[in-house]
Every structure is written in C-alpha cells, then in structure tokens.
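What follows draws every value from the coordinates through simple rules; no lab data is involved. Keep in mind that what you see is a predicted model, and the values were worked out from it rather than measured. Backbone-built Cβ (ideal geometry, glycine too); neighbour counts: all protein chains shown.
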Amino acid sequence: MQSISYDRARDVNHAIELARQHGAKFIGGGTNLLDLYKSGIEQPLRLVDVSRLALSAIEELPDGGLRIGAMATNTAVGTDPLVRQRYRVLSEALLNGATTQLRNMATVGGNLLQRTRCHYFNDPAFAHCNKRDPGSGCDAIDGHNRMHAILGASEHCIATHPSDMAVALAALDALVHLQGPDGERQVPLVDFHRLPEDHPEQDTVIKPGELITAVELPAMPFARNSHYLKVRDRASYAFALVSVAVAVDLDGGAVRDVRIALGGVAHKPWRALGAEALLRSQAITPELLARAGEAAVHGAQPRKDNAFKIELAQRAVVRALQTVIRKNGGQV
Ligand code: SF4
C-alpha cells in the first residue's frame, strides 16, 4: 500500500499554504475520499486535514439569511433549528442522505465535492471511464445505465451527481464561499458543479488549492414553504433515482414565486428554470402542475435503461409542489 503524508492545518491560511507547497488534497470527514483511496481511484500522496478548522458555525446574517461553515457536519446542519424553520428543504435533503453515522462525519464542503457513484467510475476493473481516466471512453453509455443522467449529459460522460444537499442548495440560490492562493471568491451553487461536456474529469469549477469555507443562504422567506422529495430503490441509504427540491410562495390560489431543482438526473443539480417561469403568477390547477412537471424535464435524452426517469421526474415535481401547496392551505 502506498503511504500518505498527513498534516493537520492550524487555520485556513495554513491549509492553503500546505496545499500550495505540496499539491496536497484537503480531507474533512473523509467519508468519500477514503473509500476512493481504498479502491485506488484516488491516490493522494499528501493530505491536509481541515476537519478541525473553525469553520463549523451556522450563523444568522443581518438580512435573515444564513452562513453555514464548510466543516459543519450534515447532521448539524440538518437538525439546526434555524435551518429547519427557514430552509426546511435543506434539512429534509440532508436527513434523507446516507446514514446517521455518515451524516455525523460528512461535512458541507465534502458533500459538495463528493464524486459520482457511477459504478463504472467506482470500480477500477472497468477500463473505460473518462472521469477516472480522461480519454479512455465511457463504459456506462452502452452498459447498465439505469441510474445515469437524462439531462445535460455528453458523449463523454452520462454520470449523475450524488448529493441531496446540493439539490436543495440549488433551489435556495446558495452561494459557495471559496478561499485559495489568489484570495477569496463566491460562486453561485448552480454554477459550482459542471456539466461533463468534453472534460468529465472536472466535477466543479474549484481551482487547485482552493478550499470551500462556507455556504451562504440568502434570505428567502418563502423557503419555509419548501420540501425535498427523494425517490429511490429502498427507503434509506440509497442514492436518488430522482429527487426534487421545491419552495413555493403562495398568493391565495396562485403561485407568486417558486424554486425547483432536480437531483439524480444530471451531472449537477438541475435547476428547472423553465418550470419555474411557467408557474410564476399563475393560478394553481392540476393542469398547470402537470405542465410544470413536463417543463422540468424538457430536452431529456434517456439511455437504454433509464427512460423511466422522465415520467418519474415529472410526477415527482408535481407531487413535491402538491405537498407544499396543500401543507400551506392551498388546494390542488
Ligand atoms: Fe465514467 Fe462518466 Fe462514463 Fe460513468 S458515465 S463510466 S463516470 S465517464
């Protein structure tokens, strides 16, 4: 087995300096990285432990938003009273992910950076995976692709992003705070993860040596009226076939504003902007919700094993919207 050198960072600047000097990888909870290391997919020579940095606070912002430190655990965020009250969809997404033990270790930063669970990527016995070995091909395209993408895929990769949390954050207009050798910057969550195009090995827009320091949730009063619906093969410890995060601002029997994002359908959390536009300022009817479901998967391109995801996603969007509308006194 290959040996790894390990450093524990004192603070954010120390972590960035260690990464800059040695080209090291950051490790937080390690719930995905250590699995990838054990299977030989990741082979870091140096690790910088950032798990004990003072980045785990969940703080209220003056405008009513929240700043969530990147080292806050999935359990801490999912059970936080302010998150539950103001951003219910985020709490539900987190508590629907993984297991209690994993949620107790996994961090917000690590959750955003987790790799796809495409089985051809995760098993080095399969020779062709452009994400693991750029230019080698894609065994999933003609293989067993029931779990794979129906939106935004390319001929180089049809993997899906596995995070539940990121789907909720996409619906909530979250911002990712980064710090690296060139200073600090913020990236909207919807632009943080990439579509595969011809470089599926790049999951995100993060630059070498950059560390995620926080996720910011802007004030969104109607995010109290929100819901995360996850459809999966078994009731726990399974990745989404399809998931939907919705938040709805109701104006009597109409939709004043709405956010919809889908998981399990693309290489990144998929914001359904067309469906949102269709719903805004419209009276709620069953027909309107059905049209929103269709709009959410507009342009879908199924593979041989996953055409079922199109109707599943349509129905999931409708059901998630119905759940929020009925819970808040609306009728549909
Ligand atoms: Fe690799 Fe992407 Fe193809 Fe899966 S879908 S085998 S991750 S290139």
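Compute the Rg to Rh ratio over the chain from the alpha carbon atoms, using the Kirkwood formula for Rh, and round to two decimal places. If you can, show how the numbers build up before the last one.
Working: Rg = 19.7 Å, Rh = 20.3 Å.
Here Rg/Rh amounts to 0.97.
Starting from the amide H of residue 65, placed 1.01 Å from N in the peptide plane, find each other amide H under 5 Å away whose residue is 5 or more places distant or on another chain.
219
Evaluate the charge dipole of the range 108-208 about its Cα centre and quote only its size in Debye, nearest 20, assuming +1 on the Cβ of each Lys and Arg and -1 on the Cβ of each Asp and Glu. Don't skip to the answer; put the middle values down first.
On the way: 8 positive and 14 negative charges, 45 e Å.
Dipole about the Cα centre, nearest 20: 220 debye.
Compute, for the range 227-327, the length of the dipole vector about the Cα centre, with Cβ point charges of +1 (Lys, Arg) and -1 (Asp, Glu) only. Units Debye, rounded to 20.
Using only the charged Cβ atoms, the result is roughly 340 debye.
Where in the range 37-74 does the amide nitrogen come within less than 18 Å of the point 7 Å from the Cα of residue 136, taken along Cα to Cβ?
Counting only backbone N, you get 37-45.
From the Cα gyration tensor of the range 58-202, with a ≥ b ≥ c the square roots of its eigenvalues, which class applies: rounded if a/c is under 1.5, or else prolate if a/b is larger than b/c, or else oblate?
It comes out prolate by the Cα gyration axes.
Once phi is turned into θ = phi - 60°, what whole-Hz ³J(HN,Hα) does the Karplus curve with 6.51, -1.76 and 1.60 give for every residue of the range 8-24, x standing for Gly and Pro?
9, 6, 7, 8, 4, 4, 4, 4, 5, 5, 4, 5, 5, 5, 10, x, 7
Taking amide H positions as placed in the peptide plane 1.01 Å from N, state which residues far from residue 128 in sequence (5 or more) or on other chains have amide H under 5 Å from it.
Answer set, sorted by chain and number: 139.
Positive end of the charge dipole of the chain (Lys, Arg +1 and Asp, Glu -1 on Cβ, about the Cα centre): tell me which of 275, 159, 247 has its Cα farthest that way.
Value: 247.
Under the Karplus relation 6.51 cos²θ - 1.76 cosθ + 1.60, θ = phi - 60°, what is the ordered set of whole-Hz ³J(HN,Hα) values for the range 127-144, x standing for Gly and Pro?
7, 10, 8, 5, 6, 7, 9, x, x, 8, x, 9, 5, 6, 4, 9, x, 7
Give me the angle, in degrees from 0 to 90, between the Cα long axis of helix 308-327 and the longest principal axis of the Cα atoms of the chain, rounded to the nearest 10.
60 degrees
How much FRET efficiency would the formula 1/(1 + (r/R0)^6) give for residue 146 and residue 39, where r is the Cβ-Cβ distance and R0 is 22 Å, rounded to 0.05?
Calculated transfer efficiency: 0.55.
Rounded to the nearest 0.05, what FRET efficiency do residue 63 and residue 301 give with R0 = 35 Å and r taken as the Cβ-Cβ distance? Could you check?
It comes out at approximately 0.30.
Using only the alpha carbons, work out the radius of gyration and Dmax of the range 227-327 in angstrom.
Rg then Dmax for the range 227-327, in Å: 13.2, 43.
Going by C-beta contacts inside 10 Å, put 63, 203, 198 in order with the fewest on the left.
Ranked by crowding around the Cβ, least crowded first: 63, 198, 203.
What residues qualify as long-range amide H neighbours of residue 271, i.e. H under 5 Å apart, gap of 5 or more or another chain, H built at 1.01 Å from N?
Those lying under 5 Å, H to H, from residue 271 are 262.
Round to a whole angstrom and tell me the spacing of the C-alpha centers of the range 277-329 and the range 154-227.
Cα centres, the range 277-329 to the range 154-227: 23 Å.
Select from 102, 211, 168 the residue farthest towards the positive end of the dipole of the chain; place +1 on Cβ of Lys and Arg, -1 on Cβ of Asp and Glu, and compute about the Cα centre.
102
List the relative contact order of the range 227-327 as a percent without decimals, with contacts defined as Cα pairs under 8 Å and 6+ residues apart.
Relative contact order comes out at 26 percent.
Quick one: 3J(HN,Hα) in Hz for the range 68-77, Karplus 6.51/-1.76/1.60 with θ = phi - 60°, rounded, Gly and Pro as x.
10, x, 5, 9, 4, 6, 4, 5, 4, 6
Run the dipole for the range 154-281 about the Cα centre, Lys and Arg Cβ at +1, Asp and Glu Cβ at -1, nothing else charged, and hand back the magnitude in debye, nearest 20.
With Lys and Arg at +1 and Asp and Glu at -1, about 500 debye.
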